[in-house]
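The values are calculated or read from the model by the stated rules, or taken from the named source; none is laboratory data. This is a predicted model, so every value here is computed, not measured. Because the Cβ atoms are built from the backbone with ideal geometry, glycine has one as well, and the counts that use them run over all protein chains shown. Surface areas here come from the heavy atoms of the whole protein model, side chains and all, with no ligands, DNA or RNA. Shrake-Rupley method; radii C 1.70, N 1.55, O 1.52, S 1.80 Å.
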Amino acid sequence: MRSADLRRTGLRVKGVGALLLLVFGVLGVRAAHLTVVDSRGSQRGTSQTVTVLRVPGARGTITDRHGDALAITVQAPSIYAVPEQIADRDQTARAIAKALGRKVGPIRERLEKTSPFVYVARWIRDDQAKAIQAAGLEGIGLVEEPRRTYPNRALAGRLIGFANIDGHGARAIEQMEDAWLAGEAQRVGVERDARQRLLPKEGFDPRRSVGGDVMLTLDAALQAEIEEALFDVVRMTGARGGSVVVIDPATGDLLALAEAPGFDPNRFRTTPYPDTASAAFLEAPEPGSTMKAVLVAAGLELGAIAPGELFDCEEGRFRVPGKTIRDVKPHGLLDPAGILRVSSNIGASKIGFQIGPRRQHEVLRRFGFGRRTGSGFPDESAGLLRPWRHWRTVDHANVSFGQGMNT
């Protein structure tokens, strides 16, 4: 009896063993099929730990003529998500919204995307990043991104412009020199650890993608003084705005360009795009109006006119041999300052008559009109001036070389 029971038990054990072998065999065949024949299984397993990120190159630095930084690139934390790894998206969205102090709805929409990788919030504060990391949310991680920042805030903001959240130059120098400043983006394979932190693979060197630097002819200290004076005048007069351009007549270097109202490039995300434009870049002054300032300066320098002298602007119409000179608006008696203020063609013409054509020509030549500026830059022969120079940093040992200056 006992022998029969043992035989039956042995048969049961063998049957269970055979069944287990069959199950494991089927699983092995399926695993081989997924990894060898059908690559989706291998890709799905790899995607849980490995991600390919596109890391934009850190933009080069913009400096003034003395090397003081006007625009730099720093690293800022951003939140990313792998939606397929998030079990409870509502709870995750509420946790992120609480850490960031934002509304849940837009974050929930980001987590609903079908992409394998999405940004949830970019350029967050360090304390917010620590809160997200401490929460340990499944499928949520942090990555460092290059962020453009402007240490002097609104100083020369309209001249410098800004780079948007994707690292592309959007205004002024940042836009005009975008290709040089931007560098090259790298595609980096990274692995995630158990805490969803990104671990770059070997071979990633952020210095390889750093963009070139741009040195402006601007003098930051002079720019600050000019801006302060301009803002005071605009405030006192109640004007809608104003601009001041300071150029070294001997070299053609742009030393200062102040515009009111100002613009802080650090706040481009909350500033309407039209309000970030530079009138000096986009609006071309009428040449005749530009010459009026030179004409008045020549008259005062030569003693042909006095600062308080009055000129009859003929109520907008002044007949000379062969021509009638007109003003946009009629004016009566104006002093030289008033002629400049209203840009009177008649007043400027009468000042020119008092100076005389020969002395006008001499003064214009002394101002540098009709002669190429002696910029001292390598490519003087081009005759075209840019208020900046190019530099590309080779490494962190402050070794650099120039490229294409003043072309």
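Scanning for something of a type outside the set (Lys, Arg), open to solvent by 90 Å² or more (accessible area, probe 1.4 Å), within 47 Å of the chain's Cα centre (by Cα) and at pLDDT below 80, does the stretch 357-365 turn up at least one residue? Walk me through it before giving the result.
Step one: filter the stretch 357-365 for residues of a type outside the set (Lys, Arg), giving 357, 360-364.
Those left that are additionally open to solvent by 90 Å² or more (accessible area, probe 1.4 Å): 357, 361-362.
Those still in the list that are within 47 Å of the chain's Cα centre (by Cα) too: 361-362.
Next, only the ones that are at pLDDT below 80 stay: none.
For the stretch 357-365, residues of a type outside the set (Lys, Arg), open to solvent by 90 Å² or more (accessible area, probe 1.4 Å), within 47 Å of the chain's Cα centre (by Cα) and at pLDDT below 80: absent.
Of all residues being under 18 Å from the mean Cα position of the chain (by Cα) and of a type in the set (S, T, N, Q) in the stretch 233-287, which is modelled with the highest pLDDT? Just the residue, please.
ASN266
Being in contact with a Pro (Cβ under 9 Å, 6 or more places away or on another chain) and at pLDDT 85 or above is the filter here; which residues of the stretch 143-157 pass it? It would help to see each step written out before you state the result.
Our first condition is that a residue be in contact with a Pro (Cβ under 9 Å, 6 or more places away or on another chain); within the stretch 143-157, this holds for 143-146, 148-150, 153-154, 157.
Across the stretch 143-157, the qualifying residues are ARG148, THR149, TYR150, ARG153, ALA154, GLY157.
Scan the stretch 117-139 for residues that are over 13 Å from SER78 (Cβ atoms) and touching a Ser or Thr at 6+ places or on another chain (Cβ under 6 Å) and jot them down.
The answer is LEU137, and nothing else.
Among the residues of the stretch 210-221, count how many are more than 19 Å from the chain's Cα centre (by Cα) and over 11 Å from LEU254 (Cβ atoms).
1
Going by the structure shown, is ARG365 on the phi < 0 side of the Ramachandran plot and part of a helix (DSSP H, G or I)?
Details: on the phi < 0 side of the Ramachandran plot: yes; part of a helix (DSSP H, G or I): yes.
When the stated conditions are applied, ARG365 passes them.
Within the bounds of the stretch 9-29, is there any residue that is of a type in the set (D, E, K, R), assigned to a helix (DSSP H, G or I), modelled with pLDDT of 65 or more and exposed (fewer than 13 other Cβ atoms within 10 Å of the Cβ)? Outline the logic, then answer.
Keep residues of the stretch 9-29 that are of a type in the set (D, E, K, R), which gives 12, 14.
Now restrict to residues that are assigned to a helix (DSSP H, G or I): 12, 14.
Filter once more, keeping what is modelled with pLDDT of 65 or more: 12, 14.
If we keep only those that are exposed (fewer than 13 other Cβ atoms within 10 Å of the Cβ) too, we end up with 12, 14.
Taking every residue of the stretch 9-29 in turn, at least one turns out to be of a type in the set (D, E, K, R), assigned to a helix (DSSP H, G or I), modelled with pLDDT of 65 or more and exposed (fewer than 13 other Cβ atoms within 10 Å of the Cβ).
Report whether or not ARG371 is part of a loop (DSSP other than H, G, I, E, B), over 30 Å from TRP180 (Cα atoms) and at pLDDT below 90. Can you show your working first?
Values: part of a loop (DSSP other than H, G, I, E, B): yes; over 30 Å from TRP180 (Cα atoms): yes; at pLDDT below 90: yes.
So ARG371 passes the test.
Within the stretch 137-169, can you find the residues that are closer than 15 Å to THR61 by Cα and acidic (Asp, Glu)?
Those that are closer than 15 Å to THR61 by Cα and acidic (Asp, Glu): none in the stretch 137-169.
Would you confirm whether or not the stretch 330-342 contains a residue that is part of a loop (DSSP other than H, G, I, E, B), hydrophobic (A, V, I, L, M, F, W, C) and either under 30 Å from GLY161 (Cα atoms) or open to solvent by less than 80 Å² (accessible area, probe 1.4 Å) (or both)?
In the first step, residues of the stretch 330-342 are kept if they are part of a loop (DSSP other than H, G, I, E, B); the result is 330-332, 335.
Now drop any that are not hydrophobic (A, V, I, L, M, F, W, C), which leaves none.
Within the stretch 330-342 (the criterion being part of a loop (DSSP other than H, G, I, E, B), hydrophobic (A, V, I, L, M, F, W, C) and either under 30 Å from GLY161 (Cα atoms) or open to solvent by less than 80 Å² (accessible area, probe 1.4 Å) (or both)), the answer is no, since none of the residues qualifies.
Every residue in the stretch 276-305 that is out of contact with any Leu (no Cβ under 7 Å at 6 or more places or on another chain), in contact (Cβ under 8 Å) with a residue 24 or more places away in the chain and outside any helix (DSSP H, G or I), please.
The answer is ALA277, ALA304, ILE305.
Could you list, in sequence order, the residues of the stretch 109-140 that are open to solvent by less than 60 Å² (accessible area, probe 1.4 Å) and either assigned to a helix (DSSP H, G or I) or of a type in the set (Phe, Trp, Tyr) (or both)?
LEU111, PHE117, TYR119, TRP123, GLN128, ALA129, ALA131, ILE132, ALA135
Here's a check for you: in the stretch 72-103, which residue that is among the small types (Gly, Ala, Ser) and either outside any strand (DSSP E or B) or under 21 Å from PRO116 (Cβ atoms) (or both) is farthest from the chain's Cα centre (by Cα)? So that I can check it myself, show each step before the final result.
From the stretch 72-103, those among the small types (Gly, Ala, Ser) are 76, 78, 81, 87, 93, 95, 97, 99, 101; that's our starting set.
Retained after the next criterion (residues that are either outside any strand (DSSP E or B) or under 21 Å from PRO116 (Cβ atoms) (or both)): 78, 81, 87, 93, 95, 97, 99, 101.
Details: SER78: 18, ALA81: 26, ALA87: 37, ALA93: 30, ALA95: 31, ALA97: 27, ALA99: 28, GLY101: 26 Å.
Here the answer is ALA87.
Just one of (1) touching a residue at least 24 places away in the same chain (Cβ under 8 Å); (2) over 30 Å from ARG371 (Cβ atoms); (3) open to solvent by 50 Å² or more (accessible area, probe 1.4 Å); (4) not hydroxyl-bearing (Ser, Thr, Tyr) trips up CYS313, so point out which.
Every condition holds for CYS313 apart from (3).
Give the number of residues within the stretch 339-369 that are touching a Cys at 6+ places or on another chain (Cβ under 9 Å) and closer than 12 Å to ALA304 by Cβ.
Result for the stretch 339-369: 1.
Please go through the stretch 259-275 and give me each residue that is assigned to a loop (DSSP other than H, G, I, E, B) and more than 18 Å from PHE231 (Cβ to Cβ), ordered by number.
Of all residues in the stretch 259-275, those assigned to a loop (DSSP other than H, G, I, E, B) come to 261-264, 271-272.
Correct list: PRO272 only.
Table: residues versus (1) farther than 26 Å from GLN360 by Cα; (2) open to solvent by 60 Å² or more (accessible area, probe 1.4 Å).
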site: ILE226; (1), (2): yes, no
site: THR237; (1), (2): yes, yes
site: ALA256; (1), (2): yes, no
site: ALA293; (1), (2): no, no
site: ALA297; (1), (2): no, no
site: ALA306; (1), (2): no, no
site: THR324; (1), (2): no, no
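Count, please, the residues in the stretch 64-84 that happen to be farther than 30 Å from ASP219 by Cα and open to solvent by 30 Å² or more (accessible area, probe 1.4 Å).
Initial filter on the stretch 64-84 (farther than 30 Å from ASP219 by Cα): 77-84.
Those left that are additionally open to solvent by 30 Å² or more (accessible area, probe 1.4 Å): 84.
Residues meeting the conditions: 1.
Kindly indicate whether any position in the stretch 134-142 is among the acidic types (Asp, Glu) and modelled with pLDDT under 90.
Restricting attention to the stretch 134-142, the residues satisfying the condition of being among the acidic types (Asp, Glu) are 138.
Then drop every residue that is not modelled with pLDDT under 90, which leaves 138.
Within the stretch 134-142, one or more residues are among the acidic types (Asp, Glu) and modelled with pLDDT under 90.
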